[in-house]
Every structure is written in C-alpha cells, then in structure tokens.
Amino acid sequence: GADMAAYVAALRKTVLTLAGAVCASEASALPPGFADEAVLGNWDRAAGVAFSPDGRCFVWEKAGRVWIVEGGVRSAQPLIDIRSEVRDFGDYGLLGFAIDPGFATNGRIYLLYAADYYHVTHFGQPDFDPTQHNLQRDSIGRITRYSCNSSDGFHSVDPASRKVLVGESLSTGFPMTFQSHGVGTITFAEDGSLLAGSGDAASFLEMDDGGPRLGSSNTALPDGIITPKEDVGAFRSQLVDSLAGKIIRVSPETGDGLVSNPFFDSAF
C-alpha cells in the first residue's frame with residue numbers, strides 16, 4: 001500500500017551506495033589522511049561491500065547479483081546471479097554476503113537472502129520456470145554457499161557447488177512472514193564459525209502478537225514456515241527454538257549449529 005511504498009522510499013534514501021559523490025557544500029570535514037571520492041555508479045540498489053584477502057572488492061545488489069571490482073573497474077559479468085531465487089520484495093532481497101577466511105584456497109562465498117516462495121517449492125522439479133516468482137507470499141530466509149573456480153583465479157562460480165546451509169525447506173529457514181524484519185548480516189567469527197542474524201519477522205505497522213495481519217499473505221502457519229507455538233508475532237524472538245530474532249552460529253561446512261553454542265540441542 002501507500003504506507004509501504006513511502007517506507008521503502010525513505011529506507012532507500014538511507015542506504016549507502018558506491019554511486020554518489022558528496023556535494024562539496026554538504027560534505028563534512030574528513031579526518032587527516034582520508035579522501036572522499038566516487039568509485040563507481042549505476043548499481044541496482046547496492047546492499048554491501050566486502051573484500052577478499054587479495055584485495056578484490058565484491059559488491060552485492062539487493063535483487064541478487066554479486067560483482068567483482070578490481071582497480072576501480074567492475075567485472076563485465078556478475079560473479080553470481082541468483083535473481084531467480086531471491087525474494088526482492090519490500091525490505092527483502094540479497095542482504096548478506098561473506099567471504100570464507102580460506103578464500104585464497106577454497107574460493108568459497110556465502111549468501112544470506114530472502115528466498116522466493118515459488119523457487120523454494122518448485123526448484124528441481126520438471127515444471128520449474130526460473131522466470132516465475134511469488135514475491136508476495138510468506139517465505140523464508142536462507143544461507144547458501146558456493147565455490148568459485150580456481151581455474152580463472154576465482155572470478156566465476158561453479159553452479160554445481162551450490163549448497164544450502166540453512167533453509168533447505170520452508171520449515172528449516174528463517175521465518176519471513178511480513179515485508180521487513182527479516183535476514184540481514186552474515187559474517188565469520190575469529191574462530192571460523194559462521195554468524196548470521198535475522199529479525200522477528202513481525203509487522204512494523206502495528207503491535208504484532210500473532211494471527212492474521214495486513215501486509216502479509218498469512219500463509220506462514222499453514223505452509224509450515226512457523227509452528228503454532230511461533231504464531232505470536234514479535235514475541236517469537238523470545239523462543240529459543242525459533243530462528244526469528246536471533247543471531248545463529250553455525251558450521252560453514254554443514255550449516256549445523258555448533259556444540260559450543262549456549263543453547264545447542266542435538267535433537268535439532
């Protein structure tokens with residue numbers, strides 16, 4: 001609706017991109033030794049920047065593409081394009097990206113994003129159509145790992161290396177039952193574990209204590225994205241066994257929780 005459109009428009013104004021140079025009249029004084037300059041423009045809603053050990057810059061866009069920038073030049077083709085899989089809707093999209101600490105030898109990258117309902121339920125089936133989406137239906141957030149090809153210096157991705165670490169199905173992903181408050185950041189801890197965060201999957205328009213809400217397809221419960229126990233809106237963040245409103249710590253190899261986690265339970 002109009003409220004959502006206004007919210008998204010306001011949010012986009014706050015997103016840091018690589019495109020804009022700050023007008024001299026508006027620029028604040030920089031600390032000694034710092035310079036302010038435009039690098040590249042024409043991004044499709046750049047969501048973040050990361051650097052590999054060899055100094056390459058990786059920029060990921062909300063809709064689902066990741067680009068390499070070297071020497072101030074963007075690659076002719078994206079490193080990876082998962083737009084067919086991403087739920088680019090409201091605040092959702094490809095919002096998190098991480099480079100493996102061992103990237104120089106294993107070429108691994110990790111993507112945290114809202115997964116489109118159609119892709120989750122049809123990918124791999126004979127009737128799957130990569131051009132189809134169901135953006136307005138409740139879905140999940142997931143973490144997927146890919147390996148880049150060593151044959152070209154890790155400048156392309158091996159599609160066969162795709163491994164979903166978290167969110168293999170509707171019942172195992174981060175609940176995303178509204179238009180915001182979903183997945184966000186993914187990063188590596190110093191001990192090599194993988195950390196990822198997710199919001200409460202609740203409404204930002206009203207006090208959300210569960211049940212049907214405006215702005216949602218209200219299908220998360222019948223689809224198994226949340227359990228009846230989790231149908232408490234924002235309060236699901238207080239449930240230890242819900243992925244909503246959490247920072248998870250998992251193995252980058254398997255996506256499983258680590259035994260040293262404070263709430264580790266071998267039954268899950």
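The values are calculated or read from the model by the stated rules, or taken from the named source; none is laboratory data. Predicted model, so just to flag it, every value in this text is computed and none were measured. Only protein heavy atoms, including side chains, enter the accessible area calculation; ligands, DNA and RNA are left aside. Shrake-Rupley method; radii C 1.70, N 1.55, O 1.52, S 1.80 Å.
Of all the C-alpha pairs in the stretch 158-260, what % are more than 17 Å from each other? Don't skip to the end; give the middle numbers.
Working: 2826 of 5253 pairs.
Summing the P(r) of the stretch 158-260 above 17 Å gives 54 percent of all pairs.
Enter the accessible area per residue of the chain (Å², integer; probe 1.4 Å; all protein chains in place). Write out the running numbers ahead of the final one.
On the way: 13650 Å² over 268 residues.
Here the per-residue accessible area is 51 Å².
Below 8 Å between Cα atoms, with a sequence gap of 6+, how large is the relative contact order for the chain in percent?
Reported relative contact order: 12 percent.
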Distant-in-sequence amide H partners of residue 165 (H built 1.01 Å from N, under 5 Å): 143, 144, 145
Compute for the stretch 124-173: radius of gyration divided by Kirkwood radius, i.e. Rg/Rh, restricted to C-alpha atoms, rounded to two decimals. 1.07
Residue-by-residue Karplus 3J(HN,Hα) for the stretch 201-210, coefficients 6.51, -1.76, 1.60, Hz, glycine and proline x: 6, 10, 5, 9, 9, 7, 5, 9, 10, x
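Take a quick pass over the chain and tell me how many lysine pairs come in under 27 angstrom between Cα atoms, counting only ones 8 or more apart or on separate chains. Show your work: numbers first, answer last.
Working: 13/62; 13/246; 62/163; 62/246; 163/246; 229/246.
Eligible lysine pairs with Cα atoms under 27 Å apart amount to 6.
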In Hz, Karplus ³J(HN,Hα) per residue of the stretch 180-192 (6.51, -1.76, 1.60; θ = phi - 60°; x = Gly, Pro): 7, 6, x, 5, x, 10, 10, 7, 9, 7, 5, 8, x
Per-residue HN-Hα couplings for the stretch 246-262 [Karplus 6.51, -1.76, 1.60; θ = phi - 60°; Hz; x = Gly/Pro]: 10, 10, 9, 10, 10, 6, x, 7, 10, x, 7, x, 8, 4, 7, 5, x
To the nearest 500 deg cm²/dmol, what mean residue ellipticity at 222 nm is calculated for the chain from DSSP H runs of n ≥ 4 alone, each contributing -39,500 (n - 2.57), summed and divided by the residues? -2500 deg cm²/dmol
So what's the stretch 40-85 giving for Cα Rg divided by 2.2 N^0.38 Å, two decimals? 1.08
Dividing the Cα radius of gyration by the Kirkwood radius, what Rg/Rh value follows for the chain? 0.98
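Just to be sure I understand: if I project the alpha-carbon convex hull of the stretch 100-198 onto a plane and average over all orientations, what area do I get in nm²? It would help to have the intermediate numbers written out before the result.
Working: hull surface 29.8 nm².
Seen from a random direction, the Cα hull of the stretch 100-198 projects 7.4 nm² on average.
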